[in-house]
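Laboratory data are not the source of any read-out in this text; all were calculated from the coordinates shown. Bear in mind the structure is a predicted one, so any value in this text is a computation, not a measurement. FYI the Cβ positions are ideal-geometry reconstructions off the backbone, even for glycines, and counts take in every protein chain you see.
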Amino acid sequence: MFIASLFTFAQRPEETRERQIPSEFKHIGGRWFVKEKAGEKPTYFYRDGERFVDLFSYHTKDSNKDGIDNVRVSHDERFLIIESQGYPNHPTAVFPNSRNPNSIRVQSFKFRLPLEPKLADKITRLPMGAIGTALNGVVFFNPFEMEGQNAVEGYSEVWLDSCCGHPQQTGVYHYHKYPSCVKSPFADDGQQHSPIIGFAFDGFPLYGPYEAAGAMAKDLKGDHALDVCNGHKDEQRGYHYHVTPGRFPYILGGYAGVVEPSNNRGLNRAGTGALTDNTQPGTRMEQVIATVRPGTAARGKTHSIQFELTPENARRVLPADKPSWVQIGPFDAAKIAREGNVVTAEIMIPDDAPVGILFDCHLEFGSGANPIAIKKNDVFRVVE
């Protein structure tokens, strides 16, 4: 379980809160603070409502074991600077596989997030390529695939693994929709406002799906409803974005703030205006996983999950053996068995698993390169 550095203080007027900022914190701009100690790496804290949260320490770990931290954070007078290898620190599908010919490759990203983000007069249109970064240094893409069609659902849907990511031609692993596998500083239990999972390139934070206990931000109405960029404002957090599972644009619909153009060359010619939904009916995804039972499970326990297969729907002949890999959301199976067309997997659901969100699943057949990969969306939900 991920335990982040977290400071809280009572909800009081701004001038009182300022006096309660920990003495070892240095304010560097906006909601950002740094804690520096001789001989140690600085730790960056973000004032998220009534909390000072260490967003990045968990994600600095060397996930691909090359001796380089996955995420490295620094700052100058105007920007928080994030250097990243863009390498996922959660389980992924094997790439290449039968549905994606690309491999995940280590990147060398350097992103500048404005320390004091400002709302713009006009919406900046999202370019292709990176539009923001998750806390783990993996980038967000807009909801379209390279031909400009919806990558998340409908006839043009592309194959994303259970963590909602995949690599493109140059090996950049990225997310097109809510990346449910990204660790946040506190568990998203559906009983409060979701935690931060990343930042857009205008410097505004991106939160998980919940606005309050049992209420998703995508369902808000009236003055507090999300705008076309997937953002809104409240007194505690100011302007911020939310992911919207199952609803276009899923992550961002446009930049509401002033964007730092060095983060993506496409921003210099991006134009203005929010994206519009062009989802086409139907699907090209093979329906090989018929059912997943049970569809819900409690946290803190190991569960036996059954996947009923319809092999006749597969594009390639499925081996008669059991799958080499089974994954639901960020949870991979410890034991896998198969009897006929029913696969049984033993999966541990940790105490800090996100609650109430529908996870995707995927199975792989073949332990070598280029396995046969099958998946099914929105099949499993964690409950208390």
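Overview of results
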item: Unpaired by the 4.7 Å Cβ criterion, cysteines found in the chain; result: Cys164, Cys229, Cys361
item: Region 289-383: translational diffusion in µm²/s, Stokes-Einstein, Kirkwood Rh over Cα pairs, 25 °C, 0.890 mPa s; result: 182 µm²/s
item: Relative contact order %, region 1-284, counting alpha carbon pairs below 8 Å whose residues are six or more apart; result: 18 percent
item: Extended-chain gain in nm, criterion 0.36 nm per residue less alpha-carbon gap, Ala213 and Gln149; result: 19.6 nm
item: Among the listed pairs Lys37/Lys183; Lys110/Lys233; Lys177/Lys375; Lys61/Lys183; Lys65/Lys301; Lys41/Lys233, those beyond 22 Å (Cα-Cα); result: Lys37/Lys183; Lys110/Lys233; Lys65/Lys301; Lys41/Lys233
item: Stretch gain in nm, segment Gln191-Asn341, where the contour uses 0.36 nm per residue and the Cα spacing is subtracted; result: 50.2 nm
item: Near-label residues of region 121-146 by backbone N, under 19 Å of a point 7 Å along Cα→Cβ of Thr170; result: 126-134, 137-146
item: Relative packing of 267-280, 348-361, 83-96, which averages over residues the other C-beta atoms within 10 Å, highest first; result: 83-96, 348-361, 267-280
item: Candidate aspartates and glutamates for bridging to Lys118, where Cα separation is under 13 Å - those fewer than 8 sequence places away on the same chain excluded; result: Asp202, Glu260
item: Linear extension gain, Ser304 paired with Arg78, 0.36 nm per residue minus alpha-carbon span; result: 76.3 nm
item: Cβ-defined net charge surrounding Tyr44, 12 Å radius [Lys, Arg +1; Asp, Glu -1]; result: +4
item: Distance between region 104-171 and region 313-380 - C-alpha centres, whole angstrom; result: 25 Å
item: Pairwise FRET efficiency - Ile21 versus Val106, Cβ, R0 = 30 Å, nearest 0.05; result: 0.20
item: Two-site FRET efficiency, Glu50 against Thr272, from Cβ-Cβ distance with R₀ of 30 Å, rounded to 0.05; result: 0.30
item: Within the chain, helix-based [θ] at 222 nm, where runs of 4 or more DSSP H residues each add -39,500 (n - 2.57), nearest 500; result: -500 deg cm²/dmol
item: Spherically averaged projected area in nm², based on the convex hull that wraps the Cα atoms of region 1-284; result: 15.8 nm²
